[in-house]
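The values are calculated or read from the model by the stated rules, or taken from the named source; none is laboratory data. This structure is a prediction, so every number in the text was calculated from the model and none was measured. Glycine also receives a Cβ, built like all others from the backbone with ideal geometry; neighbour counts cover every protein chain displayed. Areas reflect the complete protein model, heavy atoms only, side chains present, ligands, DNA and RNA absent. Shrake-Rupley method; radii C 1.70, N 1.55, O 1.52, S 1.80 Å.
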Amino acid sequence: MTTPQPSQTPLRSQGISRGMTVIIILLGGVLALIGATQTWVTATGFEAAHINSVQLSGQEASPVITAMALVIVAAGAALSIARHIGRWIIGIVIVLAAVTMGWVTLSVLTNPLGAVALKIAETTGTTGVEHIVPNIEVSMLPWLTIIGSLIGAVGGVLALIAGRSWPVGKTKKYDVGAQQRAQGEGPLDEIDTWDELSRGEDPT
C-alpha cells in the first residue's frame, strides 16, 4: 500500500493566491486612474479679469500617467487567465508601468509650474509664465496616483514571486487528465474554481 504524501498539498497552497494578487493589481490601477482624472495643479492670480484660474488634471499633465494606469488594469485582468510564462511577462509589464507612472507623477509634484505652463500659455495667450503666475497650488490627489502605482508595483512583484506556485486551471483542451490533476496538484485557487463553475463542473 502506497503511503500518501501529506506535505504535497500544503506546498501548493502556500503563498498569496492568484485571485488576491489580481485584486491588488486592479486596486492599484483603479486608484491611480481615479487620481489621474482629478485636478492636480491650480494656477491663480492672473491680471486678466476674464481668467480666474487655470486647472490641470493628471492626464493633462502627462497622458503617460493615464496610459500606464490602464495598462496596469488590463494586465491585472489578463493575469487572471495567464499560464506559466505569461505570468512573468505580465508581472514585469505591471512593475514597469507602475514605476513609469510613479516617476512621471513625482516629476509633476516637484515641478508643478513646468507641468501647467503649457496650459497657462494656451489659456492666456502669453509666454513667460513664471512672471505672470504668483500662485501655484498642488492638490493631494497626485499622491493617490503614487499610492496606486506603489500598490500596482507590489502586485506585479507578487505575480513574479508567487506566480510560480499557482496551480494551472483546466481548459477544455486539457480536460482528459482532470481527476489526476485535481488529486496530484493540490486545491484550485479562486480563479480556477470560477472557471470550473462557468463550465458547469463541480470544483469540489
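A few comments on the model shown:
- Residues in the stretch 72-104 that are of a type in the set (Val, Ile, Thr) and either open to solvent by 50 Å² or more (accessible area, probe 1.4 Å) or not in a helix (DSSP H, G or I) (or both): 81, 85, 89, 92, 93, 99, 100.
- Considering residues of the stretch 131-162 that are open to solvent by 80 Å² or more (accessible area, probe 1.4 Å) and under 17 Å from residue 53 (Cβ atoms) only, the residue modelled with the highest pLDDT: 137
- Number of the exception - residue 59 against (1) over 23 Å from residue 91 (Cβ atoms); (2) in a helix (DSSP H, G or I); (3) of a type outside the set (Ser, Thr, Tyr); (4) in contact (Cβ under 8 Å) with a residue 40 or more places away in the chain: (4)
- The stretch 67-89: number of residues that are among the aliphatic types (A, V, I, L, M) and under 11 Å from residue 159 (Cβ atoms): 5
- Qualifying residue in the stretch 15-32 (condition: touching a Pro at 6+ places or on another chain (Cβ under 8 Å), within 30 Å of residue 163 (Cβ to Cβ) and either at pLDDT below 90 or open to solvent by less than 90 Å² (accessible area, probe 1.4 Å) (or both)): no
- Options 40, 103: the member that is of a type outside the set (A, V, I, L, M) and in contact (Cβ under 8 Å) with a residue 40 or more places away in the chain: 40
- When restricted to residues that are touching a helix residue (DSSP H, G or I) at 6+ places or on another chain (Cβ under 6 Å), modelled with pLDDT under 85 and not small (Gly, Ala, Ser), the stretch 96-126 contains 1.
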